[in-house]
Amino acid sequence: MPHLAVLRFPGSNCDDDARHALERVTGADVRFVWHADADLGGAGGVLVPGGFSYGDYLRSGALAAQSPVMHAVRAFAERGGPVLGICNGFQVLTEAGMLPGALARNEGLAFVCRTVTVEVQRDDHPLLAGLRRGQRLRLPVAHHDGRYVADDATLDTLETEGRVVLRYLPAPDPDGNPNGAMRDIAGIVGGRGNVLGMMPHPERAAEALLGGEDGVPLLRAFGRAAGVTT
Amino acid sequence: MSERPALPPLAPDGAWPDAPADALPAGVVVDRTSSATFGLTPEEFDQVVDHLGRSPVAVEAAMFGALWSEHCGYKNSRPLLRRLPTEGPQVLQGPGENAGVVDVGDGWGVAFKMESHNHPSAVEPVQGAATGVGGILRDIFAMGARPFAVLDALRFGDLATARTRYLLHGVVEGIAGYGNAIGVPTVGGEIAFHPSYQENPLVNVMALGLLRHEELQSGTVGAVGHVLLYVGAKTGRDGLGGAVFASADLSAASDADRPAVQVGDPFLEKLLLEACLEAIQAGMVAGVQDMGAAGLTSSVGEMAHRAGLGVDLDLGRVPRRERGMTPLEVMLSESQERMVLTAVPGREDDLIALLRRWELDAVPIGVVRDHGRFRLFEGDALIADMPVGALNDAPTYVREGREDPAATAARERGLHDLPPPADAGAALPDLLADPTIASKRAVYQRYDHQVMTNTVVLPGAADAAVLRLKGSDRAVAATVDCNARYVGLAPRHGAALAVVEAARNLAAVGATPLGVTDNLNFGNPTVPEVYFQMAEAVEGIREACLALRTPVTGGNVSLYNQYRADDGVRAVLPTPTIGMVGVLPDVGRRATMALVRDDDALLLLGEGVPTLGASSYLARAHGVEAGAPPELDLAAADRLVTTLAGLVQAGRVDTAHDVGDGGIAVALAEMAIAGGRGVDAELGAGPAPSGAVADGVAALFGEAAHLALVAVPEACAATVTAAAAAGGVPCRRVGVVGGDRIALRAGTLALDVALTEAREAFERTITEALA
C-alpha cells in the first residue's frame, strides 16, 4: 500500500492539519516531505498544504515553486500522479506552472476567514470521484491572496475543457465568493485531471466536531486516486 | 536552496575570553549626574555604585537601567503582585518563568500568558500589535509548549474619530498579519472603547500553548560550562531602549520614537518555533529563553539568575545586521525573533545543525561560569562586569495611594434623577450598536481562527473559545475580560468582577476554571490616585482568585498609560485584564450561546439583582458613568460557576450565555441573533423602584455579577432547575424561544424588536468602522 505525502516548506502551517485529516479520512500512512528533498519517497499522492511558504516573500507561493521538491512533484504529476494543492498549495501550483492563472490579493484587500459555499461543477475527474455535479459544499476559507485571475482566453479554455471544478456561489450570497475570484472560481484541475488546486480548506471540514464534514469526500477522492484506499 | 558552509567548530572552553576577578571594565565611566540618561533615578544610581563597588561604565548603567525599568523589573508593582495567590494542585509552573503552566489532564499541560504592547501600538499600530503577538508566542514556546491559540484584549478611544479607526485598522492588521502567517489561530478576545484610551490604546495579547508534562522547559543557563547559543534574527538597532520606552510617559515626542518600535517577521518566528520545539523534543536543550524587552540583557541575565550562576558573553560573536553597533546597542536591541538556548552538553553540534536546517543563525556567544557575574567581552577586552543577582533585583517602591474624590463621588451618585427611556424598543438596538457590545465579526473574520483544526467553538459563538485536544476527549477553554468602567468606579470591586466575569464565561461553555494570567494596565504609579487603583485592583483579583480557586500563574504590568487632558495628564481607565483558562472533560459536552431549538425554555440562573450602576445602559443612553458596579458575592459567584459548568458537563445544558454588558436584554438578544430564533420573556419588575429609571429598566438593561441564561427543552426545565437548586443556585423560568422577534417585558416597560433589526444593529458598527 503506498503512502501519502504532505509537503513541508518553511512557513507551511496547514501541514499538520492536512496530515491529521488525511489520516483520519483515509486511514493511510501520511509522511511529510521536506522542501529541500528531491525525492517523494514513493508516495502515491502529494498534498501541497496551506500556509505562508517562505513567508510569502516575493509573491505567495513563488519561492516554494522553485524548491527542489517541486521538481519532483512536477515529474510526479506528469506521470499522472494525483496532486492536491490547498490554499497556499494552490498558489504554489500556479506559480510552478502546473495550473494556469494566478491567485491575486483579495478584492477586499483584507485576509478573510469564514465558511463559504462552493458548488461542485464536475464529477468526472478522479479527484472528485464520489461527488455529485451541483452538490454544494460548506468549506472554510482563510487567505489574503485567493482571488483567482487569468486572461479571458485561459478562462474560456478552462470552462470549455471542464476544468473549473469548484465554484463559489455568486457574491451577493453572504456565504458566496469571498475574494472577487473571476467567474467565482474556487478550484480548477490541470494535467490530465490529476492536479487539483483549490482555495477552500477541505482539511478544516473533515470532522463534525469542528463544524462540518463537507471536506471528507474531497480527501477521500484524493486518497482513492492515490491508491491508498479503495 | 544553496548549501550551507560547514559548521564552524564550537569554541573549546579555553577559547572563551577571560579576565582576572579584579579587572576593571574598559569604557567610559559615568556619574550620578547622567543617571536619567540610563533610566535610573539618582538614588538608584547610588545603589548601582554600591553593588559594583565603583561607578559603572555606560553599558553597565544602561543594563541596570533596562532591567530596573518597570517593564522588566516591576519596581512599582512587585510588592503588590506578591499578594496574588499562585498555588494550586493544578499549577505545573507558577510565576517566574516565561509563562505559567496548568495541568489540563491526560498528561497535557497548557502554558499561557498575557502581555501588553500598548505604547508601541500607540506609535505604530501595525508593527506594535504584530510584535506583541510575536513576543508572547516566543514566551509560550520557550516553555516547550506548541502555541495553539491567541486571544486579544484591545482598548481604543472614540470610534467616531479618525485616530481610533486608524488604530483599530492597524492593530487588527498587525495581529492578523502575524498570527495568520505563523499559523496560530486567533480564537477570541474582547474590544472595548472609551475616550480615556484615545491617545493610548491597550493591546493585550494572550497566548496558549500545549505541552506534555515531561516537555516543560525552563529559562535557565543550566550548569557551569554550558554554551549559550544565540538563535534567530540578527541584531539591529530597532527597538533600542524599548523597555525604558514602555515604562515612560507617552509624550508628544513619541512619534519621534518610532525607531523604538520593532518590526516583526512571522516567517522567521515560524522557523524558530518549529526548530525550538523539535530540538526540545530531541532532548538537545538544557534551557531556553525568549529575547524580549531589553534583549540580550534581560534574557541572558534572567537565565543566569534562575540558575544562580554567572555568564561570560563574547559580544563580538553576536550576529549583527548593521555595522558599527556599540556594545550598548547590541545589549539593548529589541530586534524580534531571537532566542537564547543552552545545549545539553555533548549535543551542541547536533543542536546547531538542527537549527541551521531550519535556516536559522545559531551562534555560540557565551559560556556559563560559577562566578555569579554577568561579564561582557569584546574580543579579549572586558567591557562590563556586574553581579547577576543585583541586576535582577530591581529596587521596589511602595507608593502612597488615595482614592480620587471624583471617583468616590461618581460611585455614590444617586441615579434617581435620570428619566426612563422614551422608547425601550429603541434602547435595545441602540445598545447592540454600542461599539463595545456590537458584534466583532468583521474583526475576527480577518483572523485565521481555524488553523491547527482544534477550534471547536468559533469566535462570537459563545462566551469563551473552546479548543479540542487532539487524541484526547478533553478540551481547553479560554477568555479575556475586564469591564474597566467598573474598575474606574470601584477598583477592588471592579477587578474582582473581571475575574468573576472570566470564570462565568468559562462556565458558560462548560469549562472548569483552572488559572489566571493578568495584564495590569494603569497610569503613572507615582500619582497617588493611580497607585490606589493598582493596589486596590490587585486586592480584588486576589480575593476573587482565592474564592474561585484560580491561581495567577503569570502576567504583565503596563504602567504610564495616560493621555493629555485640558487639566493635565490623566490616566486611562484602570484596566486589569484577566485571562483565564479552563478545561472541559468531554469536548462533546459543551455549550454555545445560540438558541438552537424552538420552544426551549429560557432559564435565568443565579443570584443578584441587576443594577444600572456603572452600566453600559447608563453610559450609552445617558452619557453617565456613575453608580456602584453590580453587587458581588464571591460565594454566589463560585456556586454559579460550578453549577453552570457542571450542568454543561453533565450534558443537561448546551445553550448558555452569561449576563454581562447591557444586562439580560442584551444577553437574550445575542442568543437570539446567534441562533436566528426569537425570544419571548417576562423579566419581572426588577428591583423595588427607587426612581423612575430603575423600574423595569434595571431588569432589562441592568448588569449583575452572577447571573447566566440557559435554554433547555421544556421537558428538561424541571430537572435543570432542581440540579441548579442542588448546587445552591436559584433558577427561574423567564421565557420561551421561538418566532422572529425579541419580545421582553419588565414591570411597566415592554419592548418588541424584530430579530432582523437587532441583528442589523449588532453587526453594523464594527463592520462600518473597518470598511
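The values are calculated or read from the model by the stated rules, or taken from the named source; none is laboratory data. For clarity, every value in this text was computed on a predicted model and none was experimentally measured. Here Cβ is always computed from backbone atoms with ideal geometry, including for glycine, and neighbour counts include all displayed protein chains.
A compact table of results
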{"quantity": "Residue list for the range A:41-57, filter: away from chain B (no Cβ under 12 Å) and either within 28 Å of B:Asp448 (Cβ to Cβ) or of a type in the set (Lys, Arg) (or both)", "calculated": "A:Ala43, A:Gly45, A:Val46, A:Leu47, A:Val48"}
{"quantity": "Given (1) within 14 Å of another protein chain (Cβ to nearest Cβ); (2) surrounded by fewer than 20 Cβ atoms within 10 Å (Cβ to Cβ); (3) at pLDDT 95 or above, number of the condition A:Pro174 does not satisfy", "calculated": "(3)"}
{"quantity": "Helices (runs of 4 or more DSSP H) lying entirely in the range B:237-339 (those with 2 or more residues that are modelled with pLDDT of 90 or more)", "calculated": "B:266-281, B:295-307, B:327-332"}
{"quantity": "Of residues in the range B:456-478 being within 12 Å of chain A (Cβ to nearest Cβ) and part of a strand (DSSP E or B), the one surrounded by the fewest Cβ atoms within 10 Å (Cβ to Cβ)", "calculated": "B:Arg468"}
{"quantity": "Output for the range B:481-516, where each listed residue is in a helix (DSSP H, G or I), more than 15 Å from B:Ala704 (Cβ to Cβ) and in contact with a strand residue (DSSP E or B) (Cβ under 6 Å, 6 or more places away or on another chain)", "calculated": "B:Ala484, B:Ala495, B:Val499, B:Ala502, B:Leu506, B:Val509"}
{"quantity": "Matching residues, the range B:353-366, being out of contact with any helix residue (DSSP H, G or I) (no Cβ under 6 Å at 6 or more places or on another chain) and buried (at least 24 other Cβ atoms within 10 Å of the Cβ)", "calculated": "B:Gly366"}
{"quantity": "Residues that are under 19 Å from A:Ala142 (Cβ atoms) and free of Cβ contacts under 8 Å to residues at least 12 places away in the same chain, drawn from the range A:175-230", "calculated": "A:Leu209, A:Leu210, A:Glu213"}
{"quantity": "In the range A:114-143, the residues that are within 14 Å of another protein chain (Cβ to nearest Cβ) and either crowded, with 22+ Cβ neighbours inside 10 Å or free of Cβ contacts under 8 Å to residues at least 40 places away in the same chain (or both)", "calculated": "A:Val116, A:Leu139, A:Pro140, A:Val141, A:Ala142, A:His143"}
{"quantity": "Candidate set from the range A:6-24 (those that are touching a residue at least 60 places away in the same chain (Cβ under 8 Å) and part of a helix (DSSP H, G or I)); member that is farthest from the other protein chains (Cβ to nearest Cβ)", "calculated": "A:Leu22"}
{"quantity": "Test: residue in the range B:539-554 that is within 16 Å of B:Ala478 (Cβ to Cβ), in the same structural domain as B:Ala704 (by TED's automatic domain parsing), modelled with pLDDT of 95 or more and of a type in the set (Ser, Thr, Tyr)", "calculated": "yes"}
{"quantity": "Matching entry among B:Ala142, B:Ala153, B:Ala176 (being of a type outside the set (Phe, Trp, Tyr), modelled with pLDDT under 95 and outside the structural domain of B:Arg321 (by TED's automatic domain parsing))", "calculated": "B:Ala142"}
{"quantity": "Positions within the range A:89-113 being away from chain B (no Cβ under 14 Å) and among the acidic types (Asp, Glu), in sequence order", "calculated": "A:Glu95"}
{"quantity": "Residues being surrounded by fewer than 23 Cβ atoms within 10 Å (Cβ to Cβ) and either more than 14 Å from every other protein chain (Cβ to nearest Cβ) or of a type in the set (D, E, K, R) (or both) - total across the range A:182-220", "calculated": "13"}
{"quantity": "Close pairs from the range B:434-455: first within 27 Å of B:Gly471 (Cβ to Cβ) and more than 7 Å from chain A (Cβ to nearest Cβ), partner among the charged types (D, E, K, R) and part of a loop (DSSP other than H, G, I, E, B), Cβ under 7 Å, at least 6 apart", "calculated": "B:Asn454/B:Lys470"}
{"quantity": "Unique match (being at positive phi, touching a residue at least 24 places away in the same chain (Cβ under 8 Å) and away from chain A (no Cβ under 14 Å)) among B:Gly372, B:Gly425, B:Gly414", "calculated": "B:Gly372"}
